[in-house]
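All remarks here apply to the structure that follows.
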Amino acid sequence: MKYLILLILSGSFLWSCGQESSGPPDAGATRQVELPDDFKAFYQKFHSDSIYQMEHIVFPLEGLPDKADSTTLASGNFKWNREDWRMQRAVDFDLSDYTRKIVPVNEVMVVEYIVHKNGQFGMERRFAKFGDEWNLIYYAGLNRFSSQ
């Protein structure tokens, strides 16, 4: 059932966003949807509690590895496995070379873009709410954005 909801949410996300781009959306292209309050608490705990983090990731997790090559991109079937997962920690964006943009798609889906300040490299994470619980459903590691 969890995977059926994931499939429906992913489909509705792609439909609502139109064509997928190779980088984060323009600031003017996003809709003004409020970030759910319970997501903020989840996000903080996700980055501070490793057991909680592992319990709130849908494995095998869809996405892309860091520095994905053309073969991996073309296959479209890369998955992160539990045993290969590296814990994700909070980043102080005021002190780092990265910026963050959190885009609430609706009350049950949030997309996060973390982009290097040079605008050429970034990563993407997608979170979805199943019942009362938020989960990481997609993670694309650090990759180059093509400017189009």
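Annotations for the structure displayed:
- Of all residues in region 126-148, those satisfying the criterion of being more than 19 Å from Asp69 (Cα to Cα) and of a type in the set (Lys, Arg) are Arg126, Lys129.
- Which listed residue, of Phe59, Phe46, Phe42, is among the aromatic types (Phe, Trp, Tyr), touching a residue at least 60 places away in the same chain (Cβ under 8 Å) and out of contact with any strand residue (DSSP E or B) (no Cβ under 6 Å at 6 or more places or on another chain): Phe46
- Taking the criterion of being buried (at least 19 other Cβ atoms within 10 Å of the Cβ) and β-branched (Val, Ile, Thr), the residues of region 104-114 that qualify are Val105, Val110, Val111, Ile114.
- In this structure, Gly119 does satisfy being over 22 Å from Glu55 (Cβ atoms), surrounded by fewer than 16 Cβ atoms within 10 Å (Cβ to Cβ) and not charged (D, E, K, R).
- Pairs, first in a loop (DSSP other than H, G, I, E, B) in region 102-118, second of a type in the set (A, V, I, L, M) and crowded, with 19+ Cβ neighbours inside 10 Å, C-beta under 8 Å, six or more apart: Val108/Leu9; Val108/Ala128
- Thr99 falls short on exactly one of the conditions (1) in contact with a Phe, Trp or Tyr (Cβ under 9 Å, 6 or more places away or on another chain); (2) assigned to a helix (DSSP H, G or I); (3) hydroxyl-bearing (Ser, Thr, Tyr), and that condition is (2).
- Within region 52-75, tally of residues that are over 22 Å from Ala90 (Cβ atoms), buried (at least 16 other Cβ atoms within 10 Å of the Cβ) and either among the small types (Gly, Ala, Ser) or modelled with pLDDT under 90 (or both): 1
- Qualifying residues in region 62-77 (those that are outside any helix (DSSP H, G or I) and of a type in the set (A, V, I, L, M)) - the one nearest to Leu136 (Cα to Cα): Leu64
The values are calculated or read from the model by the stated rules, or taken from the named source; none is laboratory data. All of these numbers come straight from a predicted model, not from anything done at the bench. Note: ideal-geometry Cβ built from the backbone for every residue, glycine included; neighbour counts use all protein chains shown.
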